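Below is one structure, written out as structure tokens, with a few remarks after it.
The values are calculated or read from the model by the stated rules, or taken from the named source; none is laboratory data. Note that this is a predicted model, so its numbers are computed, not measured. Every residue, glycine as well, gets a Cβ built from its backbone with ideal geometry; the counts of neighbours run over all protein chains shown.
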Amino acid sequence: MPDDEMGRPPVNPRRQELEQRLAVMETKARDLAQRHGRLAAGVALGVAAALGIGMLVYRQSQKQSVVRRMRSSIPDAAWELPEELIAQLRTQLQRAAKAI
């Protein structure tokens, strides 16, 4: 008898067959887990991309024009100023714009 087999009991053929089946099942389970993991990652990326695009579209549709934002920030009483005062303000703003 060789030295390496001295401490081991004799190999049972049924046990060997069960171990082979178990190894095959483990390999299949590992392959399925990897496949499902890749599928889950793909789905997560797709959902994240769709959510990002949806948020961009929503924000774009909610944006107001500069004129609309300016009009909403200035009280209504300011829009009803006399024309002379508006003309004076306009000239002052033009001078300030040229200085910049």
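Looking at segment 79-88, is at least one residue among the small types (G, A, S), part of a helix (DSSP H, G or I) and surrounded by 10 or more Cβ atoms within 10 Å (Cβ to Cβ)? Talk me through it step by step, then tell me what you get.
Taking segment 79-88 and keeping what is among the small types (G, A, S), we get 87.
Checking the rest, the ones that are also part of a helix (DSSP H, G or I) come to 87.
Filter again for surrounded by 10 or more Cβ atoms within 10 Å (Cβ to Cβ), leaving 87.
Yes - at least one qualifying residue is present in segment 79-88.
Only one entry of A77, A44 meets the criterion of being of a type in the set (G, A, S) and either modelled with pLDDT of 85 or more or in contact with a Ser or Thr (Cβ under 6 Å, 6 or more places away or on another chain) (or both), and that entry is A44.
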